[in-house]
Amino acid sequence: MNIKRNVLLNPGPATTTDSVKLAQVVPDICPREQEFAGLMKGLREDLVKIVHGDLNKYTSVLFCGSGTINIDICLNSLLPENKKALIVNNGAYSSRAVEVCQYYGLPHINLQLPIDTPADLAKVEEALKADSDIALVYTTHNETGTGLLNPIREIGALAHKYGAIFVVDTTSTLAMRPIDIEKDNIDFCMASAQKGIMAMTGLSFIIGNTEIIKKSASYPKRSYYCNLFLQYDYFEKTGEMHFTPPVQTIYSTIQALKEYFEEGEEAKWARHSRVFDAIYDGLSELGFKIYIPKENSTGLVAAALYPDDPNFDFIKVHDYCYERGFTIYPGKVEKKGMFRLCSLGAIDVKDIEDFFVVFKEALSKYNVTVPVKYN
Ligand SMILES: *Cc1c(COP(=O)(O)O)cnc(C)c1O
């Protein structure tokens, strides 16, 4: 089979290997068979290993859905009655968590902080000190809209100091930037198969503390389909997902995990880092301003500001690159023109060099002045 290779520079789904794509082509199977439950058991354990969790203390729970399902599940399932969630919010993804709280009517504090700086720990502690009802602290590791890195280890330590659990959206870091669930003071983290793991869409998972999940059995059930304890309990009793799993995605995820452990955590992070450096340097050479300086960046997303040049048209540049196999992505910050280039996926520096050849052609074709100008 000859599959056209596209280089995806969007923030996920990521470019996958052919072996991962082909792993989906399997004999038809009913996912209620023992054989399939056995596959999911190994997969659940491997996910815990990615964050170096002790299997006696941590577990992972699979869901059929995109990454947002994890945000929904953690918030609706892990908050005890009459307690509050503190959302440490400095970007679009933590804002999504605030919306989830609003939709469920969950008591919460939206600690809105500047979106271009890592969360201020003093502000987090102040909020925790001021309200003893806070039982859950939530934040986002890498705010994918900008590429901002949050100090999760320190936020987690504060959460624990004040007796709250710590939930982190690690969707755009897990299996890329190394995470140690215990050392990073995380009780629950999350991701989807199509991001760091470099598999297909449709499978999401929450990795977390088994005792806390068991304890949450007595918390209010706010959703039928999206409850963490109910799904965990079903897995423990039957080895299966409560409802139909994304069968083919699970096969591809198993292959992707095999490739993850073969490449190795350190080597993989080194590869994403050198790809990011190539992106950062390529953009800087062309004069682009990058929204988050390198020292505050996760090293996975570069958000470049649109230049002040009437000839610069993101859609035209996008289409030119897209037709040549490179996908670039618009920004996610209101009222600020930006586009993003990300270092996720099965790509390396050569792909970025090839991309910049095409990108420069596009700028030249549409008469954008290079180096680009800002007023
Ligand atoms: C991609 C992503 C998600 C999930 O988004 P979906 O569109 O639901 O897959 C959640 N959080 C972060 C930080 C992400 O980057």
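Scan the range 353-375 for residues that are in a helix (DSSP H, G or I) and open to solvent by 50 Å² or more (accessible area, probe 1.4 Å) and report the count.
Matching residues across the range 353-375 total 7.
Identify the residue in the range 1-36 that is at pLDDT 95 or above, open to solvent by 10 Å² or more (accessible area, probe 1.4 Å) and part of a helix (DSSP H, G or I) and, among all such residues, is nearest to the ligand (Cβ to nearest atom).
Only one residue tops the list, namely 21.
With the condition kept exactly as written, say whether any residue in the range 190-211 is within 16 Å of the ligand (Cβ to nearest atom), among the β-branched types (Val, Ile, Thr) and assigned to a helix (DSSP H, G or I).
Checked the range 190-211: no residue is within 16 Å of the ligand (Cβ to nearest atom), among the β-branched types (Val, Ile, Thr) and assigned to a helix (DSSP H, G or I).
For residue 337, state whether it is under 25 Å from residue 260 (Cα atoms), outside the structural domain of residue 193 (by TED's automatic domain parsing) and within 24 Å of the chain's Cα centre (by Cα).
no
Which of the strands (runs of 3 or more DSSP E) found entirely inside the range 95-173 contain at least 1 residues meeting this: within 14 Å of the ligand (Cβ to nearest atom)? Give the steps one after another, and end with the answer.
Values: elements: 108-112, 134-140, 165-169.
It comes to 134-140, 165-169.
What pairs come out if I take residues in the range 37-62 that are buried (at least 19 other Cβ atoms within 10 Å of the Cβ) and pair them with residues that are of a type outside the set (Asp, Glu) and part of a helix (DSSP H, G or I) whose C-beta lies under 6 Å away, six or more apart or interchain?
These pairs meet every condition: 43/254; 58/48; 59/210; 60/44; 60/47; 60/48; 61/231; 61/232.
Out of 79, 62, report the one residue that is more than 23 Å from residue 107 (Cα to Cα) and touching a strand residue (DSSP E or B) at 6+ places or on another chain (Cβ under 9 Å).
The conditions single out 62.
Which one is modelled with the lowest pLDDT among residues in the range 295-352 that are among the acidic types (Asp, Glu), over 16 Å from residue 10 (Cα atoms) and part of a loop (DSSP other than H, G, I, E, B)? Before you say what the answer is, go through the steps one by one.
Taking the range 295-352 and keeping what is among the acidic types (Asp, Glu), we get 295, 308-309, 313, 319, 323, 334, 348, 351.
Applying the additional criterion that residues be over 16 Å from residue 10 (Cα atoms) yields 295, 308-309, 313, 334.
Narrowing the set further to residues that are part of a loop (DSSP other than H, G, I, E, B) leaves 308-309, 313, 334.
Details: 308: 96, 309: 96, 313: 96, 334: 79.
The qualifying residue modelled with the lowest pLDDT is 334.
Please identify the pairs in which a residue from the range 210-232 that is closer than 24 Å to residue 55 by Cα has its Cβ atom under 7 Å from the Cβ atom of a residue that is open to solvent by 20 Å² or more (accessible area, probe 1.4 Å) and small (Gly, Ala, Ser), counting only partners at least 6 apart or on another chain.
Within 7 Å, the pairs are 229/217.
Residues to consider are 311, 296; find the one that is within 18 Å of the chain's Cα centre (by Cα) and surrounded by fewer than 20 Cβ atoms within 10 Å (Cβ to Cβ).
The match here is 296.
If you check every pair at least six apart or on different chains, which have Cβ atoms under 9 Å apart with a residue in the range 354-375 that is without any contact (Cβ under 8 Å) to a residue 12 or more places away in the chain first and a residue that is surrounded by fewer than 19 Cβ atoms within 10 Å (Cβ to Cβ) and in a loop (DSSP other than H, G, I, E, B) second?
Once the first residue is without any contact (Cβ under 8 Å) to a residue 12 or more places away in the chain and sits in the range 354-375, its partners that are surrounded by fewer than 19 Cβ atoms within 10 Å (Cβ to Cβ) and in a loop (DSSP other than H, G, I, E, B) give 364/370.
Looking at the range 55-69 only, could you name the residues that are within 12 Å of the ligand (Cβ to nearest atom) and part of a loop (DSSP other than H, G, I, E, B)?
Hits for the range 55-69 are 65, 66, 67.
Checking the condition touching a Leu at 6+ places or on another chain (Cβ under 7 Å), open to solvent by 10 Å² or more (accessible area, probe 1.4 Å) and at pLDDT 95 or above, which residue from 137, 124, 88, 100 passes?
Values: 137 fails: open to solvent by 10 Å² or more (accessible area, probe 1.4 Å); 124 fails: open to solvent by 10 Å² or more (accessible area, probe 1.4 Å); 88 fails: open to solvent by 10 Å² or more (accessible area, probe 1.4 Å).
Within the list 137, 124, 88, 100, the selection yields 100.
Give me the pairs: first residue in the range 67-91 and acidic (Asp, Glu), second residue within 12 Å of the ligand (Cβ to nearest atom) and assigned to a loop (DSSP other than H, G, I, E, B), beta-carbon distance under 9 Å, and six or more apart or on different chains, which are they?
Cβ pairs passing all conditions: 72/65.
Going through the range 74-91 one residue at a time, which ones are within 15 Å of the ligand (Cβ to nearest atom) and either over 15 Å from the mean Cα position of the chain (by Cα) or not hydrophobic (A, V, I, L, M, F, W, C) (or both)?
75, 87, 88, 89, 90, 91
Looking at the range 180-189, which of the residues that are open to solvent by 10 Å² or more (accessible area, probe 1.4 Å) and under 23 Å from residue 89 (Cβ atoms) is nearest to the ligand (Cβ to nearest atom)?
Taking the range 180-189 and keeping what is open to solvent by 10 Å² or more (accessible area, probe 1.4 Å), we get 180, 182-185, 187.
Pick out the ones that are also under 23 Å from residue 89 (Cβ atoms) and you get 184-185, 187.
Values: 184: 16, 185: 19, 187: 17 Å.
Residue satisfying both the conditions and the ranking: 184.
Evaluate the range 264-276: report whether one residue or more is open to solvent by 60 Å² or more (accessible area, probe 1.4 Å) and closer than 24 Å to residue 58 by Cα.
Within the range 264-276, one or more residues are open to solvent by 60 Å² or more (accessible area, probe 1.4 Å) and closer than 24 Å to residue 58 by Cα.
The values are calculated or read from the model by the stated rules, or taken from the named source; none is laboratory data. All values derive from a computational prediction rather than experimental measurement. Glycine gets a Cβ as well: all are built from the backbone with ideal geometry, and neighbour counts include every protein chain shown. Protein only, heavy atoms only, side chains kept; ligands, DNA and RNA dropped before computing areas. Shrake-Rupley method; radii C 1.70, N 1.55, O 1.52, S 1.80 Å.
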